[in-house]
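Have a look at the structure below before the remarks.
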Amino acid sequence: MQVAPSILSADFGILNEEVKSICDGGCDLVHVDVMDGHYVPNLTIGPVVVKSVAKVSTKPLDIHLMVQNNSFFVDLFAPLEPKYISFHIEEEKHPHRLIQKIRALGISPAITLNPHTPPEAIEFLIEDLDMVLLMSVNPGFGGQKFIPNVLERAKRLKEIIMKRNENCLIEVDGGVNDKNIHQLKDAGVDIVVAGSYIYGSDDRAKAIKSLQI
């Protein structure tokens, strides 16, 4: 299991140190939640701040867009050369075109599904994706309670992936901790995003290790 700590739960007053702590702690990716205050009722960070994160991070960036006008935000963050950029299918009228644009920029394209969106909604896009991000909370805020139906959704998504693109990874974001990590692993999840569980721990390296099963 790969682990992508979400810097949404970090102390932004000492952000460079917070990013360094998870990289030194052995994380696999650094998850960056970009919110525009329109698609979700919260506003987070833009490319100027994330550029600072990219400079100090020794791990690839995993950028999760929770925005309107996805293509505009892809243009903003692509110069930072993240490993992944994911966008919400619920907000995109032309997903295939955006997937092609992200890949042409040398970035791995990913689609995010909200808790109510069935995996079947993107069945015919799977072949063009490198990752699907399943939300296990409603997007917009950190520290929310894990929604258990993500386990069933992950299993259904895995079946689609095995038929259409075995190389596509499954990522889960929201309420992940050492209590549900084994269930997520059994459901076929490859990457987990964890914010408050890791940043709220006294030993972040130990917290990350507990999820890398």
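The values are calculated or read from the model by the stated rules, or taken from the named source; none is laboratory data. Remember, predicted model here, so these are calculated numbers, not experimental data. Heads up, the Cβs are rebuilt from the backbone with ideal geometry, glycines too, and the neighbour counts pull from every protein chain shown.
General remarks:
- In a residue-by-residue description of the range 14-33, the property of being surrounded by fewer than 14 Cβ atoms within 10 Å (Cβ to Cβ) and in a loop (DSSP other than H, G, I, E, B) applies to no position.
- Condition met for residue 88 (more than 24 Å from residue 208 (Cβ to Cβ) and either among the hydroxyl-bearing types (Ser, Thr, Tyr) or free of Cβ contacts under 8 Å to residues at least 12 places away in the same chain (or both)): no
- Residue check for residue 94: without any contact (Cβ under 8 Å) to a residue 12 or more places away in the chain, of a type outside the set (D, E, K, R) and either surrounded by fewer than 18 Cβ atoms within 10 Å (Cβ to Cβ) or touching a Leu at 6+ places or on another chain (Cβ under 8 Å) (or both): yes
- Taken over the range 91-121, the residue count meeting the criterion of being assigned to a strand (DSSP E or B) and either aliphatic (A, V, I, L, M) or modelled with pLDDT under 95 (or both) is 3.
- Taken as a whole, the structure places residue 131 among residues that are in contact with a Cys (Cβ under 8 Å, 6 or more places away or on another chain), closer than 26 Å to residue 207 by Cβ and touching a residue at least 12 places away in the same chain (Cβ under 8 Å).
- Close pairs from the range 108-125: first within 19 Å of residue 84 (Cβ to Cβ) and of a type outside the set (A, V, I, L, M, F, W, C), partner surrounded by 15 or more Cβ atoms within 10 Å (Cβ to Cβ) and at pLDDT below 95, Cβ under 9 Å, at least 6 apart: 112/139; 114/139
- Subset tally (residues that are under 12 Å from residue 213 (Cβ atoms) and assigned to a strand (DSSP E or B)) for the range 183-202: 1
- Leading residue by the ranking (farthest from residue 128 (Cα to Cα)) among those in the range 55-104 that are out of contact with any Ser or Thr (no Cβ under 7 Å at 6 or more places or on another chain) and small (Gly, Ala, Ser): 57
- Members of the range 151-174 that are crowded, with 22+ Cβ neighbours inside 10 Å and either under 16 Å from residue 1 (Cα atoms) or hydroxyl-bearing (Ser, Thr, Tyr) (or both): 154, 168, 170, 171, 172, 173, 174
- Residue list for the range 108-121, restricted to those being buried (at least 23 other Cβ atoms within 10 Å of the Cβ) and of a type in the set (Val, Ile, Thr): 111, 112
- For the range 35-54, the count of residues that are under 14 Å from the mean Cα position of the chain (by Cα), aliphatic (A, V, I, L, M) and assigned to a helix (DSSP H, G or I) is zero.
- The selection criterion, being crowded, with 18+ Cβ neighbours inside 10 Å and in contact (Cβ under 8 Å) with a residue 24 or more places away in the chain, does not hold for residue 105.
- Test set (1) over 26 Å from residue 98 (Cβ atoms); (2) outside any loop (DSSP other than H, G, I, E, B) - residue 133 fails condition number: (1)
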